[in-house]
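Enquirer: There's a structure below that I have some questions on.
The values are calculated or read from the model by the stated rules, or taken from the named source; none is laboratory data. Keep in mind that what you see is a predicted model, and the values were worked out from it rather than measured. Using ideal geometry, Cβ is built from the backbone for each residue, glycine included, and neighbour counts are taken over all protein chains shown. Accessible surface areas use protein heavy atoms only, side chains included; no ligands, DNA or RNA. Shrake-Rupley method; radii C 1.70, N 1.55, O 1.52, S 1.80 Å.
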Amino acid sequence: VEVINLPAIKTDPEFAELQVVDDAINLSEIQEIRKNRLLKIFKQFQPDILIVELFPFGRRRFSFELIPLLELAKSNKGSTKIVSSLRDIVVVKPEKQVKHEEKVCNLIKKYFDILLVHSDPELVPLEATFSRVNDLKCQIYYTGYVVQYPPTNPILADEDWEIIKSDKPLIVASVGGGRFGHDLLECVVNTAPFLEKLLPHHIQVFTGPFIPNSKFKELQEMAKFSKNIYIRRYTPYLLNYMKKADLSINMSGYNTTMNILTTGVRSLILPFTGNQDREQAIRAEKLSNLGIVKFINHNYLQPDYLAINIINYLKEQPNKINFDSGGVEKTANILKALAVKQKIA
């Protein structure tokens, strides 16, 4: 596997526009560099299969580099198959739904051979959030969910070993990469003094590696007088923590939700709702209605109220669910079969 990093760009907190990461160069220049580098890599590598994540269902702001890349791939006269890799939920603002779906159908028809949907249709079918599935003129495969499992014999650092292997009850809080969810982390930290008097649990917070340094230091300062909480940026053993935990407090992104389902941990979930994004809310509401997690909204983010909900939820037993978690193997098998067809052709 060769990994090639393109010059970084990011979105603003509301996902409204693209921004530069390195102020030494402007956005239009970075976009041109990224586009040209992608085209050069494609010409050098001459792939049998080109996989694009989420586009055209999302990532439309990256059309400046993706459309030229897709055009180049199509010019190979069928020697490169083009695949769209999609998670379980398509997000679009309601007022833009019709126009968005029309564009998606047109782009799929023009460029793509296969759509991989990393979902279980018994749990979340694509048509639940995309009404024109029958108009997608390509092969569609449900792969099942793409999940990770906790390492069975991890080589733990001392600080991880002390917590994961101890008999002390554990509550884990995490918010993915750390760019968002700071209000949830702040509330957990402020709730710790309430819980210190009522529960024997150790509270382990993982802020995510991309949390701003100023916010990370602020959380540490807030927690310095609480003996029941410890704050770190990251652990490679989050799944082991979640498997041990009596409770996990999270947002409801795809990967985090899969971690909850595979470990079976009792979980309080606060969905991200910035920029009217409904993806995490749809996922959280679905699992909450099935009794698998407990859905919380921003009204819960009061320390005394969150403490009461934590205490009460620790007395409940969440439901378990059987779902297709074979996304890794099925995706690999579909792509291997496609690659073999390309070689034979």
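Enquirer: Which Rg and Dmax, in Å, describe the Cα atoms of the range 190-233?
Expert: 10.9, 32
Enquirer: Right, next: Treating the beta-carbon of each Lys and Arg as +1 and of each Asp and Glu as -1, no other charges, what is the dipole magnitude of the chain about its Cα centre, to the nearest 20 debye?
Expert: Details: 44 positive and 39 negative charges, 188 e Å.
Roughly 900 debye for the chain.
Enquirer: Taking the Cα-to-Cβ direction at Lys165 and at Asn299 and moving 7 Å from each Cα, how far apart do the two end points lie in nm?
Expert: 4.6
Enquirer: Please tell me the relative contact order of the chain in percent, rounded to the nearest whole number, where contacts are Cα pairs under 8 Å and at least six residues apart. Display every interim value, and only then the final one.
Expert: On the way: 534 pairs, mean separation 56.5, N = 345.
Once normalised by length, the contact order is 16 percent.
Enquirer: Rounded to whole Hz and in sequence order, give me ³J(HN,Hα) for the range 148-163 from the Karplus expression 6.51 cos²θ - 1.76 cosθ + 1.60, θ = phi - 60°, writing x for Gly and Pro.
Expert: 10, 10, x, x, 6, 10, x, 8, 8, 5, 4, 5, 6, 4, 4, 8
Enquirer: Can I ask one more? Past the 24 Å Cα-Cα mark, which pairs from Lys217/Lys286; Lys168/Lys197; Lys35/Lys215; Lys93/Lys330? Could you put the intermediate results ahead of the total?
Expert: Numbers: Lys217/Lys286 35 Å; Lys168/Lys197 15 Å; Lys35/Lys215 34 Å; Lys93/Lys330 31 Å.
Violating the 24 Å limit, Cα to Cα: Lys217/Lys286; Lys35/Lys215; Lys93/Lys330.
Enquirer: Ignoring ligands, DNA and RNA, please state the percent of accessible area on the chain from carbon and sulfur, probe 1.4 Å.
Expert: Working: 9370 of 18090 Å².
Here carbon and sulfur together make up 52 percent of the probe-accessible area.
Enquirer: Note down the accessible area of Ile260, probe 1.4 Å, to the nearest 10 Å².
Expert: Spelled out: Ile260, probe radius 1.4 Å, area about 0 Å².
Enquirer: Okay, moving on. Using a Gaussian network model of the chain with C-alpha springs under 10 Å, which one of Asp160, Asp120, Asp23 is most mobile by mean-square fluctuation?
Expert: Asp23
Enquirer: Relative contact order for the range 121-207: what is it in percent, counting Cα pairs under 8 Å that are at least 6 residues apart? Could you put the intermediate results ahead of the total?
Expert: On the way: 41 pairs, mean separation 26.8, N = 87.
Relative contact order, the range 121-207: 31 percent.
Enquirer: Can you list the aspartates and glutamates whose alpha carbon sits under 16 Å from that of Lys43, skipping same-chain ones fewer than 8 residues off?
Expert: Glu2, Glu65, Glu71
Enquirer: If you average the C-alpha positions of the range 26-74 and of the range 179-194 separately, how far apart do those two centres end up, in angstrom?
Expert: 39
Enquirer: In addition: Over the chain, average the accessible area per residue using a 1.4 Å probe and give it in Å², no decimals. All intermediate terms of the calculation are to be shown ahead of the outcome.
Expert: Values: 18090 Å² over 345 residues.
Heavy-atom accessible area per residue stands at 52 Å².
Enquirer: Could you tell me which of Val98, Ser75, Leu54 has its Cα farthest along the dipole of the range 1-145 towards the positive end, charges placed at Cβ (Lys, Arg +1; Asp, Glu -1), taken about the Cα centre?
Expert: Working it through, the farthest residue towards the positive pole turns out to be Ser75.
Enquirer: Viscosity 0.890 mPa s, temperature 25 °C: what is the translational diffusion coefficient of the range 152-272 from Stokes-Einstein with a Kirkwood Rh over Cα pairs, rounded to a whole number of µm²/s?
Expert: Working: Rh = 14.4 Å.
Taking Rh from Cα pairs, D becomes 170 µm²/s.
Enquirer: Asp12 versus Ile49, label points 7 Å from Cα toward the beta carbon: distance in nm?
Expert: My value for the distance between the label points is 3.9 nm.
Enquirer: Can you list the HN-Hα couplings for the range 250-264, worked out from phi with the Karplus curve (6.51, -1.76, 1.60; θ = phi - 60°), rounded to whole Hz and with x for Gly and Pro?
Expert: 3J(HN,Hα) across the range 250-264, in whole Hz: 8, 8, 10, x, 4, 5, 4, 4, 5, 4, 5, 5, 6, 8, x.
Enquirer: Can you divide the C-alpha Rg of the range 193-345 by 2.2 N^0.38 Å and report the result to two decimal places? Show your work: numbers first, answer last.
Expert: Working: Rg = 18.8 Å, N = 153, 2.2 N^0.38 = 14.9 Å.
Rg over 2.2 N^0.38 Å, computed on Cα atoms: 1.27.
Enquirer: Then there is this: Using the reciprocal of the averaged 1/r over all distinct C-alpha pairs, how large is the Kirkwood radius of the range 46-132 in Å?
Expert: Hydrodynamic radius (Kirkwood, Cα pairs) of the range 46-132 is 13.6 Å.
Enquirer: Let me ask another. Report Rg/Rh for the range 1-103, rounded to two decimals, where Rg is the Cα radius of gyration and Rh the Kirkwood radius.
Expert: Taking Rh as the inverse mean 1/r over Cα pairs, Rg/Rh reads 0.98.
Enquirer: Enumerate by residue number the trypsin sites (Lys or Arg not before Pro) in the range 41-107 meeting two conditions: DSSP loop (anything except H, G, I, E, B), and at most 14 other Cβ atoms within 10 Å of the site's Cβ. Working shown, then result.
Expert: On the way: sites: Lys43, Arg59, Arg60, Arg61, Lys74, Lys77, Lys81, Arg87, Lys96, Lys99, Lys103; in loops: Arg59, Lys77, Arg87.
When the trypsin sites (Lys or Arg not before Pro) of the range 41-107 are filtered for loop state and at most 14 Cβ neighbours within 10 Å, Arg59, Lys77 remain.
Enquirer: Under Stokes-Einstein, with the Kirkwood radius over Cα pairs standing in for Rh, what whole-number D in µm²/s applies to the chain at 20 °C and 1.002 mPa s? Before the final figure, lay out each step's value.
Expert: Values: Rh = 22.2 Å.
D = 96 µm²/s.
Enquirer: Okay, moving on. List the residues whose amide H sits under 5 Å from the amide H of Ile203, counting only those 5 or more places along or on another chain, with H placed 1.01 Å from N in the peptide plane.
Expert: Ile171, Ile229, Tyr230
Enquirer: Could I have the simple spin-label model distance between Tyr149 and Lys96, label points 7 Å from Cα toward Cβ, reported in nm to one decimal?
Expert: 4.0
Enquirer: For the range 303-345 and the range 79-95, what is the separation of their C-alpha centers, rounded to whole Å?
Expert: Result: 18 Å between the Cα centres.
Enquirer: Longest segment of the chain with no GluC sites (Glu not before Pro) in a DSSP loop having at most 13 other Cβ atoms within 10 Å?
Expert: 123-315
Enquirer: For the range 75-194, what log10 I(q)/I(0) values come out of the Debye formula at q = 0.11, 0.16, 0.19, 0.23 1/Å, with one point per alpha carbon and no solvent?
Expert: The computed values of log10 I(q)/I(0) come out as -0.67, -0.94, -1.09, -1.32.
Enquirer: Suppose we keep just the DSSP beta bridges with both residues in the chain; what percent of those would be antiparallel, to 5?
Expert: Values: 3 of 33 bridges.
About 10 percent, rounded to the nearest 5.
Enquirer: Hey, another quick one. On a full-extension model of 0.36 nm per residue, what is the gain between Glu71 and Lys343, subtracting their alpha-carbon distance, rounded to one decimal in nm? Can you show the working numbers first?
Expert: Working: separation 272, 0.36 × 272 = 97.92 nm, distance 2.14 nm.
This chain segment gains 95.8 nm when fully extended.
Enquirer: Then there's this: Scaled to the compact-protein estimate 2.2 N^0.38 Å, what is the alpha-carbon radius of gyration of the range 1-52, rounded to two decimal places?
Expert: Details: Rg = 13.3 Å, N = 52, 2.2 N^0.38 = 9.9 Å.
That works out to 1.35 for the range 1-52.
Enquirer: Around Glu122, what is the net charge, scoring Lys/Arg as +1 and Asp/Glu as -1 over all other residues with Cβ under 14 Å from its Cβ?
Expert: Values: positive: Lys286; negative: Asp88, Asp120, Glu127, Asp324.
Residues close to Glu122 contribute a combined charge of -3.
Enquirer: Using only Cα atoms and rounding to the nearest 10 degrees, what angle (0 to 90) does helix 27-45 make with the longest principal axis of the chain?
Expert: Approximately 60 degrees, to the nearest 10.
Enquirer: If you filter the range 239-345 for trypsin sites (Lys or Arg not before Pro), then keep DSSP loop positions with at most 16 other Cβ within 10 Å, what is left? Spell out each step's value before the answer.
Expert: Working: sites: Lys243, Lys244, Arg266, Arg278, Arg283, Lys286, Lys294, Lys315, Lys320, Lys330, Lys336, Lys341, Lys343; in loops: Arg266, Arg278, Lys315, Lys320.
Sites meeting the loop and neighbour criteria: Lys315, Lys320.
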